[in-house]
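Notes to accompany the following structure.
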Amino acid sequence: MNLLTLTEIRREAQNGAVPARVHVQVEAVTAKTQRDGKPYCELALADACDRMTLRVWNDHPTYKSCSAFTTESFIELTGDFRVHPQYGLEADKWMVRPLSEQEKKELLEGRADLRAKQASHWEFILQSIGTIVDRRLRALSETFVNKWGDRFRRAAAARKYHHARRGGLVEHTAQMMRIARAIAP
């Protein structure tokens with residue numbers, strides 16, 4: 001089975017079920033109850049660009065282990081994916097396994113093309129900080145990137161809206177800095 005992103009799976013699943021694997025982080029685990037009182041858990045899953053909800057029914061073989069996931073859990077979800085008109089992306093005949101440390105690192109860093117784009121934006125931000133004339137504002141900016149730069153580079157922008165991917169804040173900041181340069185006297 002091909003390793004795809006959630007966005008790729010969602011696109012391909014418009015035409016029917018897609019067998020695939022996806023690497024995701026568990027963003028939330030919520031215990032719920034069906035109308036008839038049977039328990040299930042709902043997993044909010046995210047990769048670098050998209051999200052999906054996986055409902056784990058109490059009779060699924062992985063119910064107990066999935067219920068124990070935390071936001072520190074990184075998994076590979078393998079199954080047949082389809083798009084439900086009401087519930088969105090869903091998986092059938094699925095199974096999960098924890099990601100290796102290398103797979104986790106790759107998921108958090110994003111794809112090579114995205115990493116290159118983010119590195120370019122980050123370099124532009126650093127160069128722009130170096131051109132700030134006011135020494136106090138430049139020193140403040142340098143202190144910020146030295147202390148918080150790693151977290152800033154991983155931060156998502158408008159997380160629940162159009163830029164869910166990690167590192168999106170760097171992209172937006174670089175865009176705003178380019179605009180500010182263009183309109184500055």
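The values are calculated or read from the model by the stated rules, or taken from the named source; none is laboratory data. Only a predicted model underlies this, so the values are computations on that prediction, with no experimental measurement involved. For neighbour counting, all protein chains shown are included, and Cβ atoms are generated from backbone atoms with ideal geometry for every residue, glycine included. Note: accessible area is taken over every heavy atom of the protein model, side chains too, but ligands, DNA and RNA are not part of it. Shrake-Rupley method; radii C 1.70, N 1.55, O 1.52, S 1.80 Å.
A single member of D92, D59 is modelled with pLDDT of 90 or more and more than 20 Å from L3 (Cβ to Cβ), and it is D59.
Looking at the stretch 33-87, the strands (runs of 3 or more DSSP E) lying wholly inside it that each contain 1 or more residues that are touching a residue at least 60 places away in the same chain (Cβ under 8 Å), under 17 Å from L107 (Cα atoms) and touching a strand residue (DSSP E or B) at 6+ places or on another chain (Cβ under 6 Å) sit at 39-46, 74-84. Picking from residues in the stretch 150-179 that are open to solvent by less than 70 Å² (accessible area, probe 1.4 Å) and at pLDDT 85 or above, the one that is farthest from G110 (Cα to Cα) is M177. Has the stretch 104-111 got any residue that is under 19 Å from the mean Cα position of the chain (by Cα) and part of a loop (DSSP other than H, G, I, E, B)? Looking through the stretch 104-111, at least one residue is under 19 Å from the mean Cα position of the chain (by Cα) and part of a loop (DSSP other than H, G, I, E, B). Exactly one residue out of R135, R115, R111 is modelled with pLDDT of 90 or more and either at positive phi or among the basic types (K, R) (or both), and it is R135. Report whether or not K93 is in a helix (DSSP H, G or I), out of contact with any His (no Cβ under 8 Å at 6 or more places or on another chain) and under 23 Å from M52 (Cβ atoms). The answer is no for K93. Residues that are of a type in the set (G, A, S) and buried (at least 17 other Cβ atoms within 10 Å of the Cβ) within the stretch 1-23 comprise A13, A20, listed in sequence order. Considering the stretch 64-91, and only residues there that are within 23 Å of V18 (Cα to Cα) and of a type in the set (F, W, Y), the residue that is surrounded by the fewest Cβ atoms within 10 Å (Cβ to Cβ) turns out to be Y87. Which residue pairs have Cβ atoms under 8 Å apart, sit 6 or more places apart or on different chains, and have a first residue in the stretch 1-14 that is over 13 Å from A91 (Cα atoms) and part of a strand (DSSP E or B) and a second that is among the charged types (D, E, K, R) and open to solvent by 50 Å² or more (accessible area, probe 1.4 Å)? Qualifying pairs under 8 Å: L3/R21.
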